[in-house]
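Shown next, in structure tokens, is the structure this report addresses.
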């Protein structure tokens with residue numbers, strides 16, 4: 001499942017997008033679907049792969065009916081962590 005925050009707590013105009021299963025393939029497919037550039041996919045931390053979106057790709061992502069949108073970054077992180085198995 002794809003989940004995102006409406007706006008990144010620390011960067012106005014940006015959103016984080018996460019896969020609840022760490023699925024980089026799912027994130028890459030979503031990146032393409034919303035028209036984000038390749039550098040939007042952040043995989044430097046294998047425990048927390050995500051997309052950083054802004055501009056039109058962010059607006060498109062927020063309108064996707066299959067995306068769970070959270071009002072805050074804190075709520076997004078809490079939700080994604082709760083979906084992952086312990087120790088993952």
Residue of 70, 44, 30 that the Gaussian network model of the chain assigns the largest fluctuation, springs spanning Cα pairs under 10 Å: 44
Whole-Å distance, taken between Cα centres, linking region 33-73 and region 2-25: 5 Å
Calculated [θ] (222 nm, deg cm²/dmol) that DSSP helices of n ≥ 4 give over the chain, each run adding -39,500 (n - 2.57): -10000 deg cm²/dmol
For 50, 12, order by how many other beta-carbon atoms lie within 10 Å, fewest first: 12, 50
17 Å tail of the calculated P(r), the chain, as % of Cα pairs: 41 percent
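Counting other beta carbons within 10 Å of each Cβ, put 19, 73 in order, fewest first.
Ascending Cβ contact count within 10 Å gives the list 73, 19.
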Fluctuation leader among 51, 41, 63 - the chain, Gaussian network, Cα springs under 10 angstrom: 63
DSSP-defined beta bridges in the chain - what % are antiparallel, rounded to 5: 70 percent
Choice from 66, 52, 23 showing the highest fluctuation, given a GNM over the chain with Cα pairs closer than 10 Å: 66
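Read-outs throughout are calculated quantities, based only on the coordinates presented, and are distinct from any laboratory measurement. The shown structure was predicted, so the numbers you read here are calculated from the model rather than taken from an experiment. FYI the Cβ positions are ideal-geometry reconstructions off the backbone, even for glycines, and counts take in every protein chain you see.
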